[in-house]
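Shown next, in structure tokens, is the structure this report addresses.
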Amino acid sequence: MTIYVDVSSAVHAKAGLKRYAENLVRALEPLLGERLRLFQNSLGRRGPLTGWEDHPTVGVRYGYRVWRALVLLRQALHWPMNALLPGASLFHATEHLLPPLKDIPTVLTVHDLIFERYPKYHKIKNYLYLKAAMPLYCRRATAIIAVSESTRGDIVDLYDIAPKKITVIPEAAAPNFRQQPAERVEAIRRRYGLPPRYILVVGTIEPRKNLRRLVDACGPLFVDDLADALVLVGSKGWLYEDFFQHLETLPWRKEVLHTGFVPEEDLPAIYGGALLTVQPSLYEGFGLPVLEAMACGCPVCASDASSLPEVGADAARYFDPLNTEEMTHCISQILRDPDLRQEMADKGLARARDFSWESTARQTLAVYQRALDGNT
């Protein structure tokens with residue numbers, strides 16, 4: 001049995017998709033050993049995946065845009081691409097790109113269907129591609145992995161896919177996301193110029209992250225001296241211009257700090273130094289920063305939308321993401337009560353321990369076996 005896993009998103013550092021692909025193959029490797037093979041696009045231009053330089057990797061030299069156009073075209077034409085995967089028993093598509101294969105079972109991980117729920121928050125070309133591709137890929141895949149019950153429900157509702165074809169397998173925080181020594185937290189805080197008391201939000205800057213409402217909600221918190229700053233950690237994604245234009249109109253704009261991209265090795269200490277992590281998104285397929293924050297001992301306040309309550313359970317506090325006043329009230333309650341923050345931190349640590357990449361890998365391997373046996 002030879003299993004190919006697409007690690008293109010990990011090589012290209014595509015935010016949450018990177019962490020999924022990279023952590024999954026690292027957890028699968030002790031289970032599959034030499035049976036595990038890696039696949040990527042842009043081979044020769046980027047990669048191989050760090051730490052896997054001596055591991056067998058195959059792929060194509062096309063860049064992402066050319067590759068995804070080719071995949072859709074050949075799926076539409078029923079033109080198999082088996083030659084790309086020598087000796088393959090199964091192929092796992094981890095980033096919404098499923099090449100057509102003949103007589104080779106395929107597993108497709110669907111992280112979210114945000115473009116279906118919020119089409120206005122996508123660039124038109126990307127939206128049109130996904131609108132054409134995702135229903136097709138979901139139908140053609142032998143089995144589907146959804147990262148949350150929320151995503152599973154969307155696949156069933158929007159594409160009329162049989163529920164038995166979809167297995168929910170959650171993500172997890174990587175092992176390095178854990179409580180940090182005080183000296184490490186202080187050193188990282190100083191390195192990034194962060195104040196002693198900050199509210200944290202982690203994620204790519206794009207409309208569905210709902211950051212415009214969050215910065216509005218934080219104004220009264222600064223007026224009441226409950227925090228020194230709101231710290232935004234993450235790269236600029238798309239359609240972010242409106243957010244920064246709005247930010248410039250606010251009296252408290254200097255209290256909003258944007259670090260840009262932060263290497264993963266520094267994130268645990270940034271979580272650990274925060275008073276609170278907020279996840280205000282309108283929609284998340286999973287919402288990994290919720291678990292990462294909890295694993296680092298940071299209390300979490302989140303939107304009550306999509307998968308977030310599913311991930312945080314009773315360890316987090318929730319608000320309506322469309323209600324700025326409710327957001328302010330939720331955050332304020334936590335900031336005003338040190339005992340509540342400690343209670344939430346303790347519950348969060350326990351909640352994060354319910355998830356592990358070892359468990360995710362074992363459940364994924366079970367999906368592989370069912371696909372190989374034809375039991376999907």
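Put a dot 7 Å past each Cα toward the Cβ at residue 182 and residue 65; how far apart are the dots in nm?
My value for the distance between the label points is 5.2 nm.
Per 0.36 nm of contour for each residue apart, how much would the distance between residue 73 and residue 190 grow if the chain were fully extended, relative to their Cα-Cα spacing?
Contour length minus the Cα-Cα distance gives 37.1 nm.
Step by step: find N for the chain, compute 2.2 N^0.38 Å, then divide the Cα radius of gyration by it. What's the final number?
1.00
If you take every residue apart from residue 61 with its C-beta less than 11 Å away from the C-beta of residue 61, what net charge results, scoring Lys and Arg +1 and Asp and Glu -1?
+2
Using helices alone, what [θ] at 222 nm do you get for the chain, with -39,500 (n - 2.57) per DSSP H run of 4 or more residues, divided over all residues and rounded to the nearest 500?
About -13000 deg cm²/dmol.
When the dipole is taken about the Cα centre of the chain, and only Lys, Arg (+1) and Asp, Glu (-1) are charged at their Cβ, what size is it in debye, to the nearest 20?
For the chain, the charge dipole is close to 1460 debye.
Could you please state, rounded to a whole Å, how far the C-alpha centre of the stretch 261-336 is from the C-alpha centre of the stretch 187-248?
13
Over the chain, with every protein chain in place, what whole percent of the accessible area is carbon and sulfur at 1.4 Å, could you tell me?
50
The values are calculated or read from the model by the stated rules, or taken from the named source; none is laboratory data. Bear in mind that the values here come from a model prediction, so they are computed numbers and not experimental data. Reconstructed Cβ throughout: ideal geometry from the backbone, glycine too, with neighbour counts over all protein chains shown. Note: areas computed on protein heavy atoms with side chains; ligands, DNA, RNA excluded. Shrake-Rupley method; radii C 1.70, N 1.55, O 1.52, S 1.80 Å.
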